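The values are calculated or read from the model by the stated rules, or taken from the named source; none is laboratory data. What you see is a predicted model, and the numbers here were worked out from it, not measured in a lab. FYI the Cβ positions are ideal-geometry reconstructions off the backbone, even for glycines, and counts take in every protein chain you see. SASA here: full protein model, heavy atoms, side chains in, ligands and nucleic acids out. Shrake-Rupley method; radii C 1.70, N 1.55, O 1.52, S 1.80 Å.
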Amino acid sequence: MKSFKFKVKTHLEFGNGKIRNLGEWTKKSGYHKVGVILDKGVEKNKMIQDGIRALKDHDVEYVIFVNSAVEPDYDFLDEFKKKFIGAGFECLIGIGGGSTLDLTKGIATLVINPGPALSYRGFPELEHVPLPVIAVPTTAGTGSEVTYNAVFTNSQEKKKLGINSEYNYPVLAVIDPMILTECPISVAVSAGCDALVHSLESYVNVNHTPVSRMFSREAFKLLYNNLRKLPGGLHDVDVQSGLALGAYLAGTALMNSGAGPAGGLSYVLGGVYKVPHGFAGATFIGAVTTWNVQKGYRDYGDLYDLIEGADANQSTQEKNRLFAGCINDLLKQLGMPDVIPGYGLTSKDVDYIAGQYEMLKGVIAMNPVSFSMEDIQGIVHQALDPYVHQIVRA
Ligand SMILES: NC(=O)c1ccc[n+]([C@@H]2O[C@H](COP(=O)([O-])OP(=O)(O)OC[C@H]3O[C@@H](n4cnc5c(N)ncnc54)[C@H](O)[C@@H]3O)[C@@H](O)[C@H]2O)c1
Ligand SMILES: [Fe+2]
């Protein structure tokens, strides 16, 4: 067996009502003065309000900063960080979707490192250790609560980059599925598709390890079988528990294995055309999965067996063929990627995305089946052309 490493650096507290213990854990972690970055989308959520108020009961002083930026850019970071400089916070608590959790990680770096946000893009050398971050996700998707990534857009170049660093791993993740039962359906679907993409691309990734695959597999099982229960199961806490745990496991797998072409292309689509990240990944994952199966990739058979109601007696080849169909059927059931026309994509835009092969070469090379430039162009056109034609007809 090849040697490998596997890393999880975040203490996890998972369970219904766990948000109530936020104060206790913050105190136990030794923080007495914290900044809370709260997603505007959950500002009125009673469970979250109570959880934040409980900080006081444990003698933790806090200030709340509401974030209304969705998929924030570097300019926003530079503005937002001004509120934190000199405030003396020992820790930042991010409560929200991936945008807010990433913002919290970014602010934790910028409050203590003096350069403009853009100067820390990529994997920066940091002069000072960022503030510790506690992450409370309110979507089941990005896995940001357990990753070292923080994604931001460079609005000038219309590119999604990031401020990524080993210091970004949250010290604590509090995952409370009860919170997710109030998530709107379009947010839940986008986030869930993001996590599904993470589980699939980390599973097939050429850098997968036996342990990352355990995480990818379990993530896929939970995500696929619970996403199928949407929209009906949106308010069902068992469904949300499955999605939340699946998203966490998929994020862990992604950190320890890697992404793939659908993830890479999703950043181009999201950077330029503001398509929400999960919808963007969902636009390509069906075509990438079908491509891999058509080219003879056969490891999807194990995942097929994890789908509730799957026929275990099929041959490996047939399981793989059926698997690609199952992914495409689920995406269709969730209304994906039919949301794309809403973002006003034109055929010129599709040509632009299809032309980003050079930039995406690294992540494309992590797919177990190789893609030439023409192959990627084909995938992009296959995934997006039907929707462009819809716009033209409209
Ligand atoms: N750090 C990582 O490892 C990582 C991984 C994948 C994606 N991302 C990034 O995360 C971002 C996407 O995050 P997301 O999909 O979680 O969505 P999001 O954070 O962008 O939120 C989408 C919308 O839903 C609202 N919202 C969030 N939770 C809610 C709830 N419970 N109830 C009501 N409204 C709610 C938000 O206010 C926002 O308007 C993108 O920028 C993406 O690139 C980060
Ligand atoms: Fe993602």
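Tell me, what % of the accessible area of the chain is carbon and sulfur with a 1.4 angstrom probe? Could you put the intermediate results ahead of the total?
On the way: 8500 of 16220 Å².
Carbon with sulfur: 52 percent of the solvent-accessible area.
Only four residue types carry charge here, +1 at the Cβ of Lys and Arg and -1 at the Cβ of Asp and Glu. Report the dipole size of segment 1-103 about the Cα centre in Debye, rounded to the nearest 20.
480 debye
Taking only protein heavy atoms into account and a 1.4 Å probe, give the accessible area per residue of segment 241-339 in Å².
Per residue, segment 241-339 has an accessible area of 33 Å².
Please give the FRET efficiency for E90 paired with H11, using the beta carbon to beta carbon distance and R0 = 22 Å, rounded to the nearest 0.05.
Step by step, r from the Cβ atoms, then E = 0.85.
Please give every one of the lysines within straight-line cross-link reach of K27, meaning a C-alpha to C-alpha distance under 21 Å, and leave out same-chain neighbours fewer than 8 residues apart.
Partners within reach: K9, K18, K56, K105.
Counting only the backbone N, which residues of segment 168-182 are under 19 Å from the spot 7 Å out from the Cα of K44 toward its beta-carbon?
Answer for this model: 179-182.
With a cut-off of 8 Å between alpha carbons and a minimum separation of six or more residues, what is the relative contact order of the chain in percent?
Relative contact order, the chain: 14 percent.
About the Cα centre of the chain, what is the dipole size in debye to 20, counting +1 per Lys and Arg Cβ and -1 per Asp and Glu Cβ, all else neutral?
Details: 36 positive and 41 negative charges, 54 e Å.
I would put it at about 260 debye.
Determine which residues of segment 324-347 fall in the zone a paramagnetic label at K229 would reach in this model, i.e. backbone nitrogen under 19 Å from the point 7 Å along Cα→Cβ.
Once the point is set 7 Å along Cα→Cβ of K229, 330-331, 333-335 turn out to lie under 19 Å by backbone N, inside segment 324-347.
Using +1 at the Cβ of each Lys and Arg and -1 at the Cβ of each Asp and Glu in the chain, identify which of N313, L223, I93 lies farthest towards the dipole's positive end.
Toward the positive end, the furthest listed residue is I93.
Averaged per residue, what accessible surface does segment 173-224 expose to a 1.4 Å probe, in Å²? Please report the intermediate quantities before stating the final value.
Details: 1410 Å² over 52 residues.
Using a 1.4 Å probe on heavy atoms only, each residue of segment 173-224 averages 27 Å².
Restricting to bridges with both residues inside the chain, how much of the DSSP beta-bridge set is antiparallel, in percent to the nearest 5?
In the chain, approximately 5 percent of DSSP beta bridges are antiparallel ones.
Could you work out how much longer the chain between D311 and E127 gets when fully extended? Use 0.36 nm per residue separation minus the Cα distance between them, nm to one decimal.
Contour length minus the Cα-Cα distance gives 60.7 nm.
Write down the accessible area per residue of segment 98-156 in Å², having rolled a 1.4 Å probe over the full set of protein chains.
Details: 1870 Å² over 59 residues.
That works out to 32 Å² per residue.
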